[in-house]
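Participant: Submitted below is the structure of interest, expressed as structure tokens.
The values are calculated or read from the model by the stated rules, or taken from the named source; none is laboratory data. All figures in this text were calculated on a predicted structure; none of them were measured in a lab. Using ideal geometry, Cβ is built from the backbone for each residue, glycine included, and neighbour counts are taken over all protein chains shown.
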Amino acid sequence: METDLSGVFFSLAEVLLHLKNYRDELLNKSLIQQQELQQADGLLRTIRDQPGAYQVYLSIYYHY
């Protein structure tokens, strides 16, 4: 499918706004992924340091 872009013009301000919004969106995704990674790292660290604390939880979860 071809798109006819003849006659379509964007101002520099529109292009800059679009690029800024796109950059902000990527940054937000990156921050969310970083927070999720930190949470996963925290859980792994806690399980490694205190394995008994999660044995009961996993045991209860397994029965459901």
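Participant: Residues to consider are L43, L12; find the one that is at pLDDT 80 or above, exposed (fewer than 10 other Cβ atoms within 10 Å of the Cβ) and of a type in the set (A, V, I, L, M, F, W, C).
Facilitator: Checking each option against the conditions leaves just L12.
Participant: Of all residues in the stretch 46-57, which are modelled with pLDDT under 75, of a type in the set (A, V, I, L, M) and surrounded by 10 or more Cβ atoms within 10 Å (Cβ to Cβ)?
Facilitator: Passing the criteria: only A53.
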